[in-house]
1. Using helices alone, what [θ] at 222 nm do you get for the chain, with -39,500 (n - 2.57) per DSSP H run of 4 or more residues, divided over all residues and rounded to the nearest 500?
2. Hey, which of these cross-link pairs are over 26 Å Cα-Cα: LYS51/LYS97; LYS65/LYS385; LYS65/LYS123; LYS258/LYS306; LYS268/LYS385; LYS306/LYS384?
3. What FRET efficiency would be calculated for the residue pair THR308, GLU25, taking the C-beta separation as r and a Förster radius of 45 Å, to the nearest 0.05?
4. If R₀ is 41 angstrom, what is the calculated FRET efficiency for the pair MET375 and THR425, using the beta carbon separation as r and rounding to 0.05?
5. Within the stretch 77-122, which trypsin sites (Lys or Arg not before Pro) sit in a loop by DSSP and count at most 16 neighbouring Cβ atoms inside 10 Å?
6. Report the net charge of residues surrounding LEU247, where surrounding means a beta-carbon distance below 13 angstrom and charges are Lys +1, Arg +1, Asp -1, Glu -1.
7. Please compute the net charge surrounding TYR409, taking Lys and Arg as +1 and Asp and Glu as -1 over other residues with Cβ under 10 Å from its Cβ.
8. If you wrap a convex hull around the C-alpha atoms of the stretch 341-422 and split its volume per residue, what is the figure in Å³?
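Throughout, read-outs are computed from the coordinates displayed, never taken from laboratory work. Computed from a prediction, not measured in an experiment: that's the story for all the values here. Don't worry about glycine lacking a Cβ; one is built from the backbone with ideal geometry, like all the others, and counts go over all protein chains shown.
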Amino acid sequence: MKSNLFISEQELDAQRRIASQLYREIEPRGLTFFVETFGCQMNVRDSETIKGWLIDIGYAETDDKTSADLILFNTCCVRDHAEKRLMGNIGALKELKDNHPGMIIGICGCMMQQEGMAKKLLKRFPHVSLIFGTNVLHRLPEMIRRVMDGERIAVTDRANDAIAEGLPKLRDNPRSAFVNIMYGCDNFCSYCIVPYVRGRERSRRPEDVRSEVCSLVESGISEITLLGQNVNSYGNDGSTGMHFADLLRYISDVPGLKRIRFMSSHPKDLSEDVMHAIAELPNVCHHVHLPVQSGNSEILKRMNRKYTREHYLSIIENLRSLVPDIEFTTDIIVGFPGETEEAFRDTMSLVDEAGFAAAFTFAYSPRQGTVAAKMEDQIPEAIKKRRLSELNELQARKTVENNRKYIGYSGEVLVEGFDTRGTETMLYGKYQNFKMVYFSGQPELMNQYVNVRVTGINKNSLIGEIIDA
Ligand code: 5AD
Ligand code: SF4
């Protein structure tokens, strides 16, 4: 059932009051926090809210884990090994805690939403005192209060799908920001754990999204990335009165907003209306992250992806004809249960045909509780590994091939970093279609837009020169 309720203002006010009480206790003591984030942009965005709260509670951020008074791991459970790594990380903190008894060690994020996980961790690690899931971020002040008072708690409310607006955020990138437009996922791709841990799909109100974008732009940000597990199904439940293309139009005229990015897009929901919005709106970037997962229609069916190879390729073709300089990136899984050599060849030929600018490639890993984990004909690890390296080799060649077409191209780049290790300072940044370019220039150009002409290529990026600053 779609609840699409919001956390009430009264509840948020109560949390804010606890935060300001805590502030009076914590700030004078000079306590610090360290948050380590694993996984995708959703988690990065959640960590901004967690850090925002911790600042409001009186902590200061530190990048030195060993001296922090509060250490928090924001975890991910989408692919394997994360659990093992986390256990190692947490285990290693025991000694630190022994030497610093007042330290609070906490774990949060999607992994904590997995059935039984929170309890298991509390039992296994007596030095951990705070565990919470992704749906209760608005209650962090109350949780910190309880832990400061000596409790050990696990707060994971899987059923709570309500959206909390107006939570604090600590964003440290002055040019670019993530903005959630929806939470959760209803697609139940058969390999994926996200719908089980992040809950049902719910969309934010368009006016809340727009007002967040306006205040970001006022603070100097010119590039935003709209986030959702599947942004193309924004408003599909009828709760917002708008679909994704309408939302793009609705925020595109925010004065000073130079670039709108968005991710991820599910191919089954990428409508013609969205294609036209990308083509027509001047600040919507010409880049679509469009996870294909497999190039074989039979495997796509078993993955419950609800599109065929042909449909996927037709989206690429249609978008390219509407928007000639558009670039695509993708996610691909190899070794899904039942993937024959022939099916894998279909993925290889799709990659050859589609011409992705880049691909994030994964060996299938069974996630407990998902449909695919119970499928027969699981693929041996050695075969997955071999397919993954064949695929990576092909994509590496395709990336270089794609890069070559940029020689001589020029356009506006948003400078996002610099490297002073070589003989001259190299700046780097992206064209609006997500292509990364390196060029020599002064660090003062950080966070600014400069025109750059491409003069050469690297394996994964372009080399260029400033044509005017
Ligand atoms: N095994 C391997 N890769 C997975 N992904 C999601 N679940 C799994 C899994 N069980 C990949 C998909 C998705 C990306 C975020 O992670 O490609 O698009
Ligand atoms: Fe997972 Fe599929 Fe939802 Fe993406 S669309 S989060 S792969 S279930």
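1. Details: 14 runs with 161 residues, N = 469.
Per the formula, -10500 deg cm²/dmol.
2. LYS65/LYS385; LYS258/LYS306; LYS268/LYS385
3. Values: r = 59 Å, r/R0 = 1.32.
So, using R0 = 45 Å, E works out to roughly 0.15.
4. On the way: r = 52 Å, r/R0 = 1.27.
After rounding to 0.05, the efficiency reads 0.20.
5. On the way: sites: ARG79, LYS84, ARG85, LYS94, LYS97, LYS119, LYS120; in loops: ARG79.
Filter output for the stretch 77-122: ARG79.
6. Values: positive: ARG204, ARG205, ARG210, ARG249; negative: GLU207, ASP208, GLU212, ASP246, ASP253, ASP273.
That works out to -2.
7. Details: positive: LYS405, LYS435, ARG453; negative: ASP325.
After counting each charged neighbour, the total is +2.
8. Numbers: hull volume 16.4 nm³, N = 82.
Per-residue hull volume (Cα only) is 200 Å³.
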